[in-house]
Structures are given as C-alpha cells and as structure tokens.
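Note sheet for the following structure.
The values are calculated or read from the model by the stated rules, or taken from the named source; none is laboratory data. Computed from a prediction, not measured in an experiment: that's the story for all the values here. Every residue, glycine among them, receives a Cβ derived from its backbone with ideal geometry; neighbour counts consider all protein chains shown.
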C-alpha cells in the first residue's frame, strides 16, 4: 500500500466541518464545497455544479420528469432571451422581475485598439431591442402559445421545460440563491378556470409527493399571501420545508395565473359553445434550490446525509488489508458482494484504490453521504462477517457475509424511513402556537421553527411583522382548520392561524 | 363519428409539403414546422423546439448520455456567462467567437418615464465587466479546472455538460443554424499529449457509433484542415454526413486542444516525476443540429421518416369503423395488440380519437414519421388480419392478427436497417473522384455529393476553391489511402485525396 502523500492529507484536513451549532451558515458553505457538490465560479453570483452534486440533481430531474410525464406533460424548449417588448407585456410580472434582469444590449466584441490583446464591445453591434435573459418564461411562452391555440381542441397544453434562468441577486449562496440557476418550469393552458385550478393543485401535489417520498423532506402545502405571490399570479401554492436551524425554505411553487398572460398576449380560443374566450394559465417550478433543502434537512457535522433514493453511490465497500495476499482474499468476497448488490439494482462502489487509506475513505464517504458503508478486513473474513455502517445514525453492526445481499436493501429502506421520521419529528417539535406578541417574538428569537399564529389578513400587518421580527408568513396551510382568534400584532379578528417563520 | 370541422381541414391542408426536387430548402422548412418539430420564435434567430421535436432530442440525449457515462464521463454544470477578461484569455478562441457574441452589459430595467407602461435599461446598472453569453465553454471551464488540478492524481478530468449556447448568426435555419442552440460539450484534462489524443479519437468514435447505429446516418470520420479547425484547437476531428440534396453536414466534432487553454489559464500539475507541467485538453460536442441531419437524411415528400431507435411513437394503431358496435369489436383486438407490443418494450399509441377521420390520421402519422402503422377495419376483423404499413417504403401488407406481436419488432429492425442501407447507397452513388478541374466543377454543379480530389495542402488554395465553387474541404478521412496526385486547382503535387462538398 502506498503512503498517503502530503497533498492529500492537506486537502482532507480542510474537510473538517465547522459544527452546526457553532455556525450553521458556515457549516453549510463548507459542506457544499468539501462534499464536492458545488463551488463559486469566476462569474459573480454564478455557481459551478460539480459532478457529484450534479449526479444528485440528475436523480431529482429523472424522478420529477417521470412524474410530470405520468401526469400527461411533455417537454419542450423555448428561447433563453425575451425581447424587452414581450417582457414588459404582463405588467405585474415585468415589475416583479425588472429589478434583477441580465440584459443583452450588443452582439459583437472587437479588438480594443487601445489595449493590445483585449476585446471591447463593438458599439456598432447595438441591438435595436434589448434582450432580457429569462428570469422565468411566461412572457416568451405565452407569446408562442398565441399561435398554438385557436380552438378548444388545442387545449389543454401541458408543457414543461428544463432550463437555466437568471435573476441578478445581490447576495448569493450556493444552491439557495444564485444569479443563474437550473430549474424546470411547467406552463399549461386551459379552457376553463376550474381546470386550471385543478392543474395548479395537482402539481403542488406532485411536488409534495416528490419532496416527501424521494427527498424524505416533510413539507406543508399551502397558499401564499398576496404579498408573497408570484408576480403575475392570481394565487400561488407552495410547499414549505423546515431546515435544522429553524428556518423555513420554500421548496416549490405552483401558480394559478388566471387570464393575466392570455390578456397580455391576446391568447383567445373558440370554445365548444362557439364563443371567443381568453385562455386560463398555470405555471409551476422547482429548482436547484432543492439541493439546499436536501442538504440542510438531513446532513450532520460529519457531512452530507442522503436518502438512498438520491444517492449517486448507495453502498460503498472498503477493503482493509496489509498485504497482497489479504487483498486477494478480500477481493473475492467483495467483488461477489458488489455484483450481487448491483444485480439487485443498487448503485455500489468497491473502492480498492490503494492511494488512500481506509480511514481516509471512511471520512470521505461520510462527508459525501453514502448511505451504507461495508468494511471488510482479514479478521472479518475469518469470522465470516463484514462491518456495515449506516450513514444516518453512524451506527455499525456486523452482518454475516452471506446475508449482506438480502439485508442491505432493507437497511437502505430503513435509513430512508428514519430520515423522514427524524425530519417530521424535528418539524413537530419546532412548530409552536403563539397567542401573544411576546410569545411570538420569544419563539422566533429563541427556538425558531414555524409559529402558528393569528393574523388580521392585511399586507400592512404582514409587512410590519416582517420589519419587527424578520419573520414572514410562509403559507396558509391547505388543510387549515378555521378557528376564531385575534391578530398577534393588531388584535383584530382573524378566522384562522397562518404559519410564520424566518426563512431562506 | 363526428364530422371533421372546418378548422381541422384547413390546418391540415397546410401540411402538404413542397416536393424535395422542386425546392429542397422549402421542403425542409415546411416539414420541420408541419411535423411539429420546431418553429421560429419571437426572438431573432432563436427557435422553439416543440414537444414532438423535443421528444426526439430527448431520445438522442438519453443515448448519448449513456455512451458518455459508459466511457467514464460525468456531467457537471458551468455558468452561462463568461466575463470578458476570461473570454479573451485564449487569443485564437476569443478571435474566433468575438464576431458573434451576445453581450450582457446591464442588470436592471426600470420604468421608462417618457413611455408609460414601458421599461428601459437602467443606466445605473451598468456592469463593471461585460459578460459574454457562452458560445462555447472552454474559457469558463478552464478557469475552473485551474482550481481542481494540482497533481497528476487529479487527472484525468472527464466531464460533460448539457447546455444552451449562443452564437449570433446572421442567417439562421431551424435546427441547422440558430442563435441559441442546445448541445453537449465534453471538456477533458489529461496528464499527457498521448492520452488527450486518445480521448479525442475515442469521442469522435462514440459520435460515429451513435450516428450510424442510432440515427442510421452513415458518417465519415476525418480531420479538418487548418482553416476549418475549431478556434483554439491543434486538431479537429469530425464526422461528416451527406444529405439528400448532395450537401454535406458536419454532425459532430472532437478537438485536441493541446496545451493552449492550460497556458492561457495557467493550469499546471505536478507530474508523477515531480515536474510542474501544463495540462493537455480536449473538447467535443454535438448539438440540436443533429435533428437537421436526421430529418434531411431519411425523410421524403410525405414528411418525416424516423428510425425506430429515435421515434417517440414506434407503432400507431388506427381503428376504422362506421358505428359503435364495430368500434367495440376493434377495440378488443387493438387494445390487446397495444398491450402486447408495449410489453415487448415498444412505444405504441392506439389512436381512437373520433374527432379525426382515419385518412387524416394516416396523413398525420406519415408526416410525423411513425415507423409502423397498423390499421384495423371491420373486414380485417372478419379475415383475422390487419393492415401493416411501413413508413420508410410506404409499403403495406396484411398480417395475421395473432402474428403481429411477433413480427412488428422484426419489421422495426428491418426498417432501421433499410434506412441505413439506403443512406449508405445514396452516399456511395454521390461520392465521386475528380481528377480535372472541369470534372470537379461539373460534379459539384450537376450531381452534388462528396468529391474526392487532390489538393496541394495550402489554405490559400482551399479558400480559392471555396470562392470559385462554394465547396469546402469537409475532411481528410481518417482511413485515407495515400496516393500520389496533383492538386485539382493548382496542379501542385499532393499525397492524398480529400473530400470536398458544398455544405450546411
């Protein structure tokens, strides 16, 4: 076995994470970088998604794409650029995104005669009309749908797009808030209001199903208040998750857009009854922000923790040996185990790279959140067992070698269930009712989490509360019970509690 | 059965294509639009890829992605924007792409006080440094690799990216040349020159394999001449296909980049021998242009022709009936057939939408290139057979109902083989040797296709030939035989023939 070089040790020394309770934000940033998920790029606010992080995103994409197709949607692709005149057509939408738009104004660079080897924008290449890099695609898509829709027979249109979008954020954080991010955006067109609302609700349901069953993140489905709605929507549905630091994270949104875009782009159809009517619209999206939610829901001070559903490597097998003879014997057992687990559909890696010591590998795969680690040493061979460690609890157990193939799939299932259960419990203990302003502030300051409280229904009060506490109304849960009460701030009457929290 | 409304007939009247021999270019444009593959958008030079076209692209992506992963590559994602200072770092690359760059100069729109309801670029949001929308990602990626590579242990890096890129083309055509297009770009880093060349050659091999075995397009692997090389490459390998109008189409390229980008971005590594050396690079890509190649290789005057490997619908079953009783009987047979074919892994559609007549459906699925169409009418039921039509030859045959499930997979295979064979034959009859200038010009003008001719090896001659004939050197085939000869234009000595053609 080779000695571990100076460079490698140095590299991995950096990987000891700041504990969460010391500095959660620092822990997050360190984890994202040292687990090889993403890093800041040479472009302000834009990230590089590294292969390991991208492999997780690909798994999310594949599952979501399957769910979209199963619910009747097809993928398509629309232009990256939105001409200014289209961008400004839906007034509220334009106003909402104008503040943070990357704008293309020229189409050529030429040699800078004053600076040898440098280029400059060619003033002669100024565009007649500026192009906005899409922050979202309603405008360009509804300008297209105009030509696709004449009759009720052309409806519904159920289309999704996987794309990059750009919003010029001033303060960015890897995955959570970046100037460019990857997402999917569904854009559907319907003949009736009812059908569009049904679609909006169906898709928030798909997101909740995905979050809970694949990401193992419990979410609350709810409605946004008017102040928090998508610019251009009549109603915004959301799923809200709770992170380990007590802050909420909006994990997905589905918008009922009414006839706003149809009116802005003059999209009408001949109804069955022969009347010319405006089309009804929805849009819905999730983004690489989900990576942030995944990381912050499950991970610990040792690094990333992943459910098996999203782990690029589900099981890693690490041999421990001191000479070639031992290695040969371990190889035999390990490779058989590898092949058997693979035959069961699992993603397995046998890491016998002898440039790294077993301890280094243990640390590395913990950092990267591999759900199950199997270690095999000479003594294990003698005893006919292997050491199996689960990433979620860091517990180890010995399992008879010939039982591993049968037991590991169950163990992965158990890990997934445990991750969800743990997150549900955390949320349960961090969802608190507040009936006085003092309670409300105390919970937000000292405990965090969701605060369920009465609110008088006005944007004015909502904004005041935000100014005073930094908490916002995350949502009005869809399964809310009606309950008479008084607004936490103004004392005015209220008919239901809403969920407040500080948030990402 | 309902009557076909006025609207539908009107819509489909438009779908009669201009015959290829009348106006090939018009035929292409009409086909792309009427088969619902793509259309021009409201943004100059940018296309909308429609769901049916995108479904074909998704199949290409899935197969290519699998092949990239099988050859050891991982996906990642790098920023859309390239700061000007990074863009200009590799001089030749910058020079090559500067002429056609979309440039972001501002990051905010504000209300235009002079024009109510309109927005304008906020002059206060000018960027300190302009951002180029990536025309290709070598610059931003090598600026990233700089931080990933210190030691030979960090090599090779084998990364691919699926992304959109923008090149400000003045004359655009759907799929073939658009300002924005979708592609994949592989970017690899290696410790030695030999390894990088091996990778470059391996990937042009992967592309050729994909083109021939999945797209059923025969291609010639070759090297580009210096004048046709990728800006910043030491050597460009390509695959060249021949379209039905006798023009060549470059379907994929793989570049050996030498140490050019490593030097421009100062990317060095500690070699096994302990020396600090520049890293060797490759890049390789194919794009939505492949859709153009697919369409123009196989399709005919009736519309699109697809190999089963890329067809979103491989088999369509159309019922023919005049009353509900007949329909019920046909349903029984058709649905069983549908389920059996599906169980064999085929993509099957039973189209019993009664808003459209069978004749309309026949026309529609021919237009969309569905490889096999099965029609079932009352008489067929009596005789215990169905009518099976293959899209490639438009031939029909009756097949016993209970043999359909067994025979259709073979028929699809036969169609795929026939498409490839037909294209190989076309290329064979359209590859001609020319030994005099007169022959050369005559072939280019009257017959088209590849012209195999001697060339003196100079860029000057190459450019002169292009000026005089519009033909370029498509490639120097990798399997070229050495042969003494004289340049077709200058009469200077030459050691091998090269392939000339007019091209897309």
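Side notes on the structure shown:
- A count restricted to region A:113-128 and to residues that are within 26 Å of residue A:169 (Cα to Cα) and more than 9 Å from every other protein chain (Cβ to nearest Cβ) stands at 1.
- Test: residue B:473 is touching a residue at least 24 places away in the same chain (Cβ under 8 Å) and within 21 Å of the chain's Cα centre (by Cα): yes
- Residue in region A:187-195 that is over 19 Å from residue A:272 (Cβ atoms) and assigned to a helix (DSSP H, G or I) present: no
- Subset tally (residues that are touching a residue at least 40 places away in the same chain (Cβ under 8 Å) and surrounded by 17 or more Cβ atoms within 10 Å (Cβ to Cβ)) for region B:381-404: 6
Listed here are the residues, each with its yes/no results for (1) in contact with a strand residue (DSSP E or B) (Cβ under 9 Å, 6 or more places away or on another chain); (2) modelled with pLDDT under 95; (3) over 21 Å from residue A:141 (Cβ atoms).
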{"position": "A:177", "(1), (2), (3)": "no, no, yes"}
{"position": "A:199", "(1), (2), (3)": "yes, no, no"}
{"position": "A:210", "(1), (2), (3)": "yes, no, yes"}
{"position": "A:218", "(1), (2), (3)": "yes, no, yes"}
{"position": "A:230", "(1), (2), (3)": "yes, no, no"}
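- Test: residue in region B:132-154 that is at pLDDT below 95 and farther than 18 Å from residue B:264 by Cα: yes
- Given (1) touching a strand residue (DSSP E or B) at 6+ places or on another chain (Cβ under 8 Å); (2) in the same structural domain as residue B:255 (by the TED database); (3) not in a loop (DSSP other than H, G, I, E, B), number of the condition residue B:30 does not satisfy: (1)
- Residues that are under 21 Å from the mean Cα position of the chain (by Cα), assigned by the TED database to the domain that holds residue B:262 and over 28 Å from residue A:111 (Cβ atoms) occur in region B:183-195; there is at least one.
This table checks each residue for (1) assigned to a strand (DSSP E or B); (2) over 20 Å from residue A:52 (Cα atoms); (3) at the interface with chain A (Cβ under 10 Å from one of its Cβ atoms).
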{"position": "B:147", "(1), (2), (3)": "no, no, yes"}
{"position": "B:153", "(1), (2), (3)": "no, no, yes"}
{"position": "B:158", "(1), (2), (3)": "yes, no, yes"}
{"position": "B:182", "(1), (2), (3)": "yes, yes, yes"}
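- Scanning region B:10-34 for residues that are at pLDDT below 50 and surrounded by 12 or more Cβ atoms within 10 Å (Cβ to Cβ) yields B:11, B:12.
Here is a yes/no grid of residues against (1) in contact with a strand residue (DSSP E or B) (Cβ under 6 Å, 6 or more places away or on another chain); (2) farther than 30 Å from residue A:305 by Cα; (3) modelled with pLDDT under 95; (4) part of a loop (DSSP other than H, G, I, E, B):
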position	(1), (2), (3), (4)
A:421	no, no, no, no
A:424	no, no, no, no
A:427	yes, no, no, no
A:432	yes, no, no, no
A:443	yes, no, no, no
A:464	no, yes, no, no
A:467	no, yes, no, no
A:489	no, yes, no, yes
A:499	yes, no, no, no
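- For region A:52-68, filtered to residues that are free of Cβ contacts under 8 Å to residues at least 24 places away in the same chain and touching a strand residue (DSSP E or B) at 6+ places or on another chain (Cβ under 7 Å), the residue that is nearest to the other protein chains (Cβ to nearest Cβ) is A:54.
- Subset of region B:35-51 (residues that are touching a strand residue (DSSP E or B) at 6+ places or on another chain (Cβ under 8 Å) and at pLDDT 95 or above): B:35, B:37, B:38, B:39, B:40, B:41, B:46, B:47, B:48, B:49, B:50, B:51
- Single residue of region A:257-269 satisfying the filter (within 16 Å of residue A:197 (Cβ to Cβ) and in a strand (DSSP E or B)) that is nearest to the chain's Cα centre (by Cα): A:257
- Some residue of region A:469-490 being surrounded by fewer than 17 Cβ atoms within 10 Å (Cβ to Cβ), touching a helix residue (DSSP H, G or I) at 6+ places or on another chain (Cβ under 9 Å) and not assigned by the TED database to the domain that holds residue A:385: yes
- Just one of the listed residues (A:82, A:43, A:103, A:48) is over 23 Å from the mean Cα position of the chain (by Cα), within 7 Å of chain B (Cβ to nearest Cβ) and buried (at least 20 other Cβ atoms within 10 Å of the Cβ), namely A:103.
- Just one of (1) facing chain B (nearest Cβ under 10 Å); (2) at pLDDT 95 or above; (3) more than 26 Å from residue B:40 (Cα to Cα) fails for residue A:170. It is (2).
- Only a single item in (1) crowded, with 24+ Cβ neighbours inside 10 Å; (2) under 15 Å from residue A:283 (Cβ atoms) is not met by residue A:216, and it is number (2).
- Residues satisfying the stated conditions in region B:270-279, i.e. farther than 19 Å from residue B:90 by Cα and in a strand (DSSP E or B): B:270, B:276
- Residue B:95 facing chain A (nearest Cβ under 9 Å) and out of contact with any strand residue (DSSP E or B) (no Cβ under 6 Å at 6 or more places or on another chain): yes
- Exclusive hit being assigned to a helix (DSSP H, G or I), in the same structural domain as residue A:405 (by the TED database), touching a strand residue (DSSP E or B) at 6+ places or on another chain (Cβ under 6 Å) and at pLDDT 95 or above, set A:342, A:349, A:327: A:342
- Residue check for residue B:71: at the interface with another protein chain (Cβ under 8 Å from one of its Cβ atoms) and at pLDDT 95 or above: no
- Residue tally, condition without any contact (Cβ under 8 Å) to a residue 40 or more places away in the chain and assigned to a strand (DSSP E or B), over region A:231-252: 3
- Of the residues A:133, A:110, the single one that is surrounded by fewer than 23 Cβ atoms within 10 Å (Cβ to Cβ), in contact with a strand residue (DSSP E or B) (Cβ under 9 Å, 6 or more places away or on another chain) and facing chain B (nearest Cβ under 10 Å) is A:110.
- The lone exception for residue A:483 - which of (1) closer than 18 Å to residue A:219 by Cα; (2) free of Cβ contacts under 8 Å to residues at least 40 places away in the same chain; (3) part of a loop (DSSP other than H, G, I, E, B) it fails: (1)
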